[in-house]
């Protein structure tokens with residue numbers, strides 16, 4: 001199969017779909033790989049490294065899209081990229097379609113076969129292609145929140161770990177999954193006063209057993225969220241409903257109860273955000289203020305640590321890239337129900353039930369597609 005890797009074009013997005021090592025694996029398996037010139041520079045990989053791996057260097061994105069049977073990316077295709085897709089071409093990347101009807105319409109119109117990293121599942125009910133970036137984003141969320149709390153950044157001027165004689169900052173984490181766990185690890189490591197809220201008794205038990213007295217856990221209700229947010233210096237939104245729009249757990253009215261200069265970090269922004277006042281921001285302009293509360297809502301947080309993120313992501317995605325390329329997308333999805341869960345768009349239709357529900361359209365049965 002001919003595999004194309006374009007350079008990411010989203011603001012400050014420096015990750016790349018395949019590392020040189022991953023490209024070499026694809027070439028060794030008998031596939032042709034074309035990488036847009038400069039695509040790997042942000043992750044520490046130059047064109048020479050890709051040539052040494054056996055890949056061809058394409059002069060621009062148009063050449064990559066024109067020659068590829070499968071496009072491997074990191075972030076959702078931007079408008080100019082969506083116009084280059086063609087019927088039957090496979091797109092394998094993060095999509096996050098639920099809060100993005102414009103992208104969904106374009107992908108449906110393209111006729112491409114769109115497989116989303118974030119809805120591929122595993123035998124344990126997890127999301128293995130989302131997990132590495134959730135780990136990175138969770139850890140970054142505590143760092144970003146700590147920086148945003150600085151007075152020069154508009155924050156309350158609170159050091160999360162405090163100092164002798166001064167209490168540490170209060171961190172509230174909404175969601176105890178992969179993002180929340182990693183955010184809590186960082187916040188606890190900084191010495192903050194950490195509270196984690198979740199609706200799953202099993203998750204709360206797991207978190208309590210892991211952190212012990214270093215972090216408290218609370219069952220998440222409207223009341224417990226409101227009470228926790230009111231006294232927080234930093235709130236990290238770490239909720240996820242696979243394929244669906246994130247629930248709005250913090251309302252605008254709650255901002256009035258918060259301390260001026262407190263910080264909200266919305267890691268769920270790719271799925272529409274879990275704060276009512278959230279809107280996507282970029283690494284170039286990461287924050288804005290609403291009612292005195294600093295909001296950090298960067299939609300590609302892991303892009304800030306592109307090398308770590310790229311290699312972590314490739315470790316999870318490469319086996320699926322090889323399977324799709326080796327068997328063809330139909331046979332690969334037919335053979336693997338977990339990979340089949342990643343099918344989001346096919347033949348102008350939405351093929352994931354949660355995505356379809358969020359977009360208000362009828363879903364096509366993925367199993368029927370492959371029959």
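The values are calculated or read from the model by the stated rules, or taken from the named source; none is laboratory data. Just so we're clear, the structure is a prediction, and the values are computed from it rather than from any experiment. Note: ideal-geometry Cβ built from the backbone for every residue, glycine included; neighbour counts use all protein chains shown.
Restricting segment 1-11 to residues that are assigned to a loop (DSSP other than H, G, I, E, B) and over 18 Å from residue 133 (Cα atoms), the residue that is farthest from the chain's Cα centre (by Cα) is 1. Quick check, is residue 44 in contact (Cβ under 8 Å) with a residue 40 or more places away in the chain and either under 10 Å from residue 72 (Cβ atoms) or touching a strand residue (DSSP E or B) at 6+ places or on another chain (Cβ under 9 Å) (or both)? Spelling it out, it is not the case that residue 44 is in contact (Cβ under 8 Å) with a residue 40 or more places away in the chain and either under 10 Å from residue 72 (Cβ atoms) or touching a strand residue (DSSP E or B) at 6+ places or on another chain (Cβ under 9 Å) (or both). As a summary of the residue check, residue 125 satisfies the conditions (1) part of a helix (DSSP H, G or I); (2) out of contact with any helix residue (DSSP H, G or I) (no Cβ under 9 Å at 6 or more places or on another chain) except for the one numbered (1). Among the residues of segment 68-90, not a single one is assigned to a helix (DSSP H, G or I), surrounded by 22 or more Cβ atoms within 10 Å (Cβ to Cβ), modelled with pLDDT of 95 or more and touching a strand residue (DSSP E or B) at 6+ places or on another chain (Cβ under 8 Å). Filtering segment 12-37 down to residues that are part of a loop (DSSP other than H, G, I, E, B) and in contact with a strand residue (DSSP E or B) (Cβ under 9 Å, 6 or more places away or on another chain), which residue is farthest from residue 323 (Cα to Cα)? The residue in question is 12.
Looking for something more than 14 Å from the chain's Cα centre (by Cα), within 30 Å of residue 22 (Cα to Cα) and surrounded by fewer than 22 Cβ atoms within 10 Å (Cβ to Cβ) - is there at least one such residue anywhere in segment 283-299? Yes, segment 283-299 has at least one match. For residue 152, the stated conditions do not hold, so it cannot be described as in a helix (DSSP H, G or I), touching a residue at least 12 places away in the same chain (Cβ under 8 Å) and out of contact with any helix residue (DSSP H, G or I) (no Cβ under 6 Å at 6 or more places or on another chain).
Every test in (1) more than 22 Å from the chain's Cα centre (by Cα); (2) without any contact (Cβ under 8 Å) to a residue 60 or more places away in the chain is passed by residue 319 save one, and that test is (1). Taking segment 261-331 as the region of interest, the strands (runs of 3 or more DSSP E) fully inside it that hold 3 or more residues being under 17 Å from residue 234 (Cβ atoms) and touching a helix residue (DSSP H, G or I) at 6+ places or on another chain (Cβ under 7 Å) are 293-296.
Of all residues in segment 201-216, those satisfying the criterion of being touching a helix residue (DSSP H, G or I) at 6+ places or on another chain (Cβ under 9 Å), surrounded by 16 or more Cβ atoms within 10 Å (Cβ to Cβ) and assigned to a helix (DSSP H, G or I) are 203, 207, 211. Residues that are part of a loop (DSSP other than H, G, I, E, B), touching a helix residue (DSSP H, G or I) at 6+ places or on another chain (Cβ under 8 Å) and closer than 24 Å to residue 148 by Cβ within segment 217-252 comprise 238, 239, 240, 246, 249, listed in sequence order.
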